[in-house]
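Engineer: Encoded as structure tokens, here's the structure I'll be asking about.
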Amino acid sequence: ELAFWLDEDLARYASKLLEQNPWRRRAELKYDVGAETQLPLSIASRSSLLDLRRGGEYPQLEQVRGEGLFRMIHHLLGDDKWWELLKGIFQDYGNREMPVDDFLARVQAAYGQDFRWFVDQWILGSALPEYEIVQADAKILPNKEGNGVEYPILIRVKNHGTGRMAVPIFVETEMDYVFRDLWLDAHDEQTLTLTVPHRPIFAAVDPENQVLQVPFLDPIKKSRGHSETRIIVEGDENTMAFRRNRNQGQMRGGWHWH
């Protein structure tokens with residue numbers, strides 16, 4: 001029954017990866033639900049890919065979930081293994097239909113770890129996370145060489161929804177930026193720690209849209225988007241003032257979909 005997923009959504013996703021215009025590619029590779037009427041949250045949060053296919057009422061939602069699953073597999077494998085996977089499929093099958101079981105076996109081999117959790121939760125299930133950065137702090141400490149400083153960072157993220165996944169966390173500093181994956185399960189809260197040599201400025205959840213998700217409802221802005229925040233550096237009066245203002249805004253309340 002999942003043959004349509006490989007026949008239709010894999011081809012669409014792969015073609016979007018080949019888009020040369022980076023701005024257009026970024027807009028097309030966005031797998032968020034709940035923000036538009038044709039992507040209703042009430043349906044998305046309880047419907048698997050097969051449920052959506054059988055119902056036939058929300059083809060755009062079916063497409064977003066279907067392509068989003070390939071986006072997530074791509075993220076779990078990494079670029080090199082992903083393109084090697086597609087190369088092998090093309091060489092072995094060409095234009096012939098590929099059994100879904102064979103595809104999943106190849107993904108399992110490329111991933112090198114148990115992959116059943118992803119099949120059960122995401123492909124056969126209706127997993128749908130909603131991520132929020134609930135804390136983003138840093139300290140200023142002398143570095144190990146003693147001739148400068150470094151910044152230990154603590155970023156705490158909560159999943160208000162469902163689904164286990166390695167979630168990309170983006171950290172911007174005054175000189176560069178880094179990505180780190182943070183594993184979060186359903187209704188889970190985990191902490192990412194890292195140390196950077198330059199003053200940290202900003203943190204965001206999954207800015208490159210690697211994970212199918214519900215955009216977080218910001219209780220202050222009253223709008224949905226991937227959770228982001230300024231990093232509070234201990235002892236820095238400007239960022240400490242930002243924290244006070246943010247906390248006052250949060251006291252006004254907000255809501256989540258779960």
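The values are calculated or read from the model by the stated rules, or taken from the named source; none is laboratory data. What you see is a predicted model; the values in this text were computed from it and never measured. Glycine gets a Cβ as well: all are built from the backbone with ideal geometry, and neighbour counts include every protein chain shown. Only protein heavy atoms, including side chains, enter the accessible area calculation; ligands, DNA and RNA are left aside. Shrake-Rupley method; radii C 1.70, N 1.55, O 1.52, S 1.80 Å.
Engineer: Calculate for the chain the 222 nm mean residue ellipticity that helices alone would give, adding -39,500 (n - 2.57) per DSSP H run of length 4 or more and normalising by residue count, nearest 500 deg cm²/dmol. Could the numbers behind the result be given before it?
Structural biologist: On the way: 8 runs with 85 residues, N = 258.
Using -39500 (n - 2.57) per qualifying helix, the result is -10000 deg cm²/dmol.
Engineer: Convert each backbone phi in segment 75-83 into a coupling constant with the Karplus relation 6.51 cos²θ - 1.76 cosθ + 1.60 (shift: θ = phi - 60°), then list the ³J(HN,Hα) values in order as whole Hz, x for Gly and Pro.
Structural biologist: 5, 5, 7, x, 4, 4, 5, 5, 5
Engineer: Could you give the size of the charge dipole of segment 1-107 about its Cα centre, using +1 on the Cβ of each K and R and -1 on the Cβ of each D and E, expressed in debye and rounded to the nearest 20? Working shown, then result.
Structural biologist: Details: 15 positive and 19 negative charges, 66 e Å.
Using only the charged Cβ atoms, the result is roughly 320 debye.
Engineer: Also, I was wondering about something else. Suppose every K and R has +1 on its Cβ and every D and E has -1 on its Cβ; what is the size of the dipole of the chain about the Cα centre, in Debye to the nearest 20? Don't jump to the answer; show the numbers that get you there.
Structural biologist: Numbers: 31 positive and 40 negative charges, 144 e Å.
Result for the chain is approximately 700 debye, rounded to the nearest 20.
Engineer: Rounded to a whole number, what % of the accessible area of the chain do carbon and sulfur atoms account for, probe 1.4 Å? Present the calculation step by step, with values, prior to reporting the outcome.
Structural biologist: On the way: 6460 of 13380 Å².
Answer for the chain is 48 percent, counting heavy atoms of protein chains only.
Engineer: In addition: Amide H neighbours of Leu182 under 5 Å, counting only residues 5+ apart in sequence or on other chains, H built in-plane at 1.01 Å?
Structural biologist: Excluding prolines and chain starts, which carry no amide H, the hits are Val167, Ile169.
Engineer: Next question, about the same structure. Would you mind checking which residues have amide H under 5 Å from Thr195's amide H? H placed 1.01 Å from N; only 5 or more apart, or other chain.
Structural biologist: Here Ile153 satisfy the definition.
Engineer: Mind pulling the angle between the C-alpha long axis of helix 237-250 and the longest principal axis of the chain? Nearest 10 degrees, somewhere in 0 to 90.
Structural biologist: Rounded to the nearest ten degrees, it is 60.
Engineer: Another question, if that's okay. Pop out the ³J(HN,Hα) list for segment 110-126 in order, Karplus 6.51 cos²θ - 1.76 cosθ + 1.60 with θ = phi - 60°, rounded to Hz; leave Gly and Pro as x.
Structural biologist: Karplus-based 3J(HN,Hα) across segment 110-126 equals 6, 5, x, 9, 4, 10, 5, 4, 5, 4, 5, 7, 9, 7, 8, x, 10 Hz.
Engineer: Sticking with this structure for a sec: What is the ratio of the Cα radius of gyration of segment 105-189 to 2.2 N^0.38 Å, with N the residue count, to two decimals? Let's see the in-between values first.
Structural biologist: Numbers: Rg = 17.3 Å, N = 85, 2.2 N^0.38 = 11.9 Å.
Segment 105-189 yields a ratio of 1.46.
Engineer: If amide H atoms are built 1.01 Å from N in the plane of the peptide, which residues on other chains or at least 5 residues away come under 5 Å of the amide H of Phe202?
Structural biologist: Sorted by chain and number, the residues that satisfy this are Glu172, Ile231.
Engineer: Moving to a separate point now. How large is ³J(HN,Hα), in whole Hz, for each residue of segment 89-96 in order, when computed from phi with the Karplus curve 6.51 cos²θ - 1.76 cosθ + 1.60 and θ = phi - 60°, using x for Gly and Pro?
Structural biologist: Those phi angles translate into 5, 5, 5, 7, 10, x, 9, 7 Hz.
Engineer: Now, a different point. What number comes out for accessible area per residue over the chain if the probe is 1.4 Å? Units Å², please. Please report the intermediate quantities before stating the final value.
Structural biologist: Numbers: 13380 Å² over 258 residues.
Value returned for the chain: 52 Å² of accessible area per residue.
Engineer: Just list whichever of Lys139/Lys222; Lys81/Lys158; Lys16/Lys158; Lys30/Lys222; Lys16/Lys87; Lys16/Lys222 have alpha carbons separated by over 25 Å in the model shown.
Structural biologist: Working: Lys139/Lys222 30 Å; Lys81/Lys158 29 Å; Lys16/Lys158 30 Å; Lys30/Lys222 21 Å; Lys16/Lys87 16 Å; Lys16/Lys222 31 Å.
Too far apart for the 25 Å limit: Lys139/Lys222; Lys81/Lys158; Lys16/Lys158; Lys16/Lys222.
Engineer: Here's another thing I want to ask about it. Give the span of segment 1-47's Cα atoms along each principal axis, as three whole-Å numbers ordered largest to smallest.
Structural biologist: Result, largest extent first: 35, 29, 12 Å.
Engineer: Order the peptides 101-110, 124-133, 4-13 from the highest to the lowest mean number of other Cβ atoms within 10 Å of their residues.
Structural biologist: Numbers: 101-110: 15.1, 124-133: 21.3, 4-13: 16.9.
Taking the mean over residues of other Cβ atoms within 10 Å, the ranking is 124-133, 4-13, 101-110.
Engineer: Something else now. Quick check on segment 50-178: what are the equivalent-ellipsoid semi-axes from the Cα gyration tensor, as sqrt(5λ), descending, whole Å? Provide the component values of the computation, followed by the final result.
Structural biologist: Values: eigenvalues 280, 89, 31 Å².
Working from the Cα gyration tensor, I get semi-axes of 37, 21, 12 Å.
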